[in-house]
Each structure stands twice: as C-alpha cells, then as structure tokens.
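Right, one structure below, let's go through it.
The values are calculated or read from the model by the stated rules, or taken from the named source; none is laboratory data. Small disclaimer: the values here were computed from a predicted structure and weren't measured. Note: ideal-geometry Cβ built from the backbone for every residue, glycine included; neighbour counts use all protein chains shown. Only protein heavy atoms, including side chains, enter the accessible area calculation; ligands, DNA and RNA are left aside. Shrake-Rupley method; radii C 1.70, N 1.55, O 1.52, S 1.80 Å.
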Amino acid sequence: MRRAVYPGSFDPVTNGHLDVIERARKLFDEVIVAVAQNDEKEALFSLEERLQFLQDSIGKIDMVRIAQFDGLLVEFATAQKASAVIRGLRAVSDFEFEFQMALMNRKLEAGVETIFLMPKEEYTYLSSRIIKEIARLGGDVSSFVPPVVSKALVRKFAG
Ligand code: ADP
C-alpha cells in the first residue's frame, strides 16, 4: 500500500489544492489530506470548518482520507505508514521555503520523501490567502474554490 500525506492549512481549500490531490491520487494508493492545527498561523476558518469543507468537496472520493494533525509532520506521516509527503509548487517563490522544509524533514525522518507536484497552469496564481483577500473585498471567488467554500466566504464577509 503506497500512502502519501498532503499537509496544509487549507484555510480554505481551493481548486488548486483539489488539483494537487487529484494528481497525487494517480501516484499513490491512498492520499491522506492532513489539516494542520497550526497555532502560530491565524486562521480565518476554524479547524472544524476547514475539515468540513474538505469533507464536502472530496469526502466521497475513493482512497482519499481527511485527517487533522499537530506536532511534527514526519511523525504523523510515520504513524500513518506513509512513505511520502506531497507539497504543491506554484512558482519560484514557493521554492525556497519548501526546499528547506523538505531537507529538514529528511533529516528528521529519512524514510519519508517529499514529492512536489505542479498544478494546472490556471491554478498557479491561486492561494488561500489571495482568495480570502478577494472575498473580503466583495469579489466573486466562485470559480476558484468549491461551492461550499464560496458560500462560507460570502457568509463570513456579509454585511
Ligand atoms: P501551508 O499553510 O502549509 O502553506 P496551504 O494550505 O497554503 O498550506 O497549502 C498546502 C500545500 O498546497 C502547499 O504545499 C502549497 O504550496 C500547496 N498549494 C496551495 N495552493 C496551491 C495551488 N494553487 N496550486 C498548487 N499547490 C498549491
């Protein structure tokens, strides 16, 4: 069983994340989408909301599991018997941080490889941060995120 963990804040999940999940699914028998309980990052949506958005968007897809984790990613991956961590690379700007994380994770746990996947070009400019910014300013984000997220953003910033 080849298993991979795809970690992130998913605050909220976007079509870019979904594209990466689809690609990862073609390479692995099971993909665990792992939502970080990141205390230092101020999230717009609660952990429960972020998990629910994923559940509503990809919960029915075969061999994709949604989980939450805190603490060290490599420890979570090892506990889940995953041999790889998936990360998305959009642009050169992602590279430096991702490169550093990948090498550090390898130092911590040599048995877990990091695999970078590039999304479809049209998603390369998508980030959760930019989606939140557009939605906050009243812009329409419905073509960039799953419907459940689009609705939640409208509700969040209504009035
Ligand atoms: P984090 O807080 O760990 O950066 P994110 O939820 O922002 O978590 O992203 C999780 C992963 O998905 C990261 O590897 C990020 O680079 C990747 N990612 C985010 N948006 C996209 C996108 N539009 N296309 C491809 N990968 C993406």
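For the stretch 72-80, the criterion of being farther than 28 Å from Ala158 by Cα and not in a helix (DSSP H, G or I) is met by at least one residue.
Mind listing whichever residues of the stretch 80-103 are within 14 Å of the ligand (Cβ to nearest atom), of a type outside the set (Asp, Glu) and loosely packed, with under 12 Cβ neighbours inside 10 Å? Reasoning before the result, please.
Step one: of the stretch 80-103, the residues within 14 Å of the ligand (Cβ to nearest atom) are 84-102.
Remaining after also requiring of a type outside the set (Asp, Glu): 84-93, 95, 97, 99-102.
Result: Ala91, Val92, Ser93, Phe97, Gln100.
The residues of the stretch 85-112 that are under 17 Å from Tyr6 (Cα atoms), among the charged types (D, E, K, R) and part of a helix (DSSP H, G or I), listed by number, are Asp94, Glu98, Arg106. Going through (1) in a helix (DSSP H, G or I); (2) within 11 Å of the ligand (Cβ to nearest atom); (3) surrounded by fewer than 20 Cβ atoms within 10 Å (Cβ to Cβ) one by one, Leu54 falls short only on (3). Scanning the stretch 31-44 for residues that are surrounded by 15 or more Cβ atoms within 10 Å (Cβ to Cβ) and more than 14 Å from the chain's Cα centre (by Cα) yields a single hit, Leu44. Filtering the stretch 126-136 for residues that are touching a strand residue (DSSP E or B) at 6+ places or on another chain (Cβ under 8 Å), under 26 Å from Arg3 (Cβ atoms) and open to solvent by less than 40 Å² (accessible area, probe 1.4 Å) leaves an empty set.
Among the residues of the stretch 118-155, those identified as in contact with a Leu (Cβ under 7 Å, 6 or more places away or on another chain) and farther than 18 Å from Ile58 by Cα are Met118, Lys132, Ala135, Val141. Among the residues of the stretch 1-21, write down those that are surrounded by fewer than 22 Cβ atoms within 10 Å (Cβ to Cβ) and away from the ligand (no atom under 11 Å from the Cβ). The answer is Met1, Arg2, Arg3. Scan the stretch 66-79 and tell me whether some residue there is within 14 Å of the ligand (Cβ to nearest atom), at pLDDT 95 or above, closer than 24 Å to Glu133 by Cβ and surrounded by 21 or more Cβ atoms within 10 Å (Cβ to Cβ). No - not one qualifying residue is present in the stretch 66-79.
Is at least one residue of the stretch 113-120 open to solvent by less than 50 Å² (accessible area, probe 1.4 Å), within 14 Å of the ligand (Cβ to nearest atom), aliphatic (A, V, I, L, M) and outside any loop (DSSP other than H, G, I, E, B)? Looking through the stretch 113-120, at least one residue is open to solvent by less than 50 Å² (accessible area, probe 1.4 Å), within 14 Å of the ligand (Cβ to nearest atom), aliphatic (A, V, I, L, M) and outside any loop (DSSP other than H, G, I, E, B).
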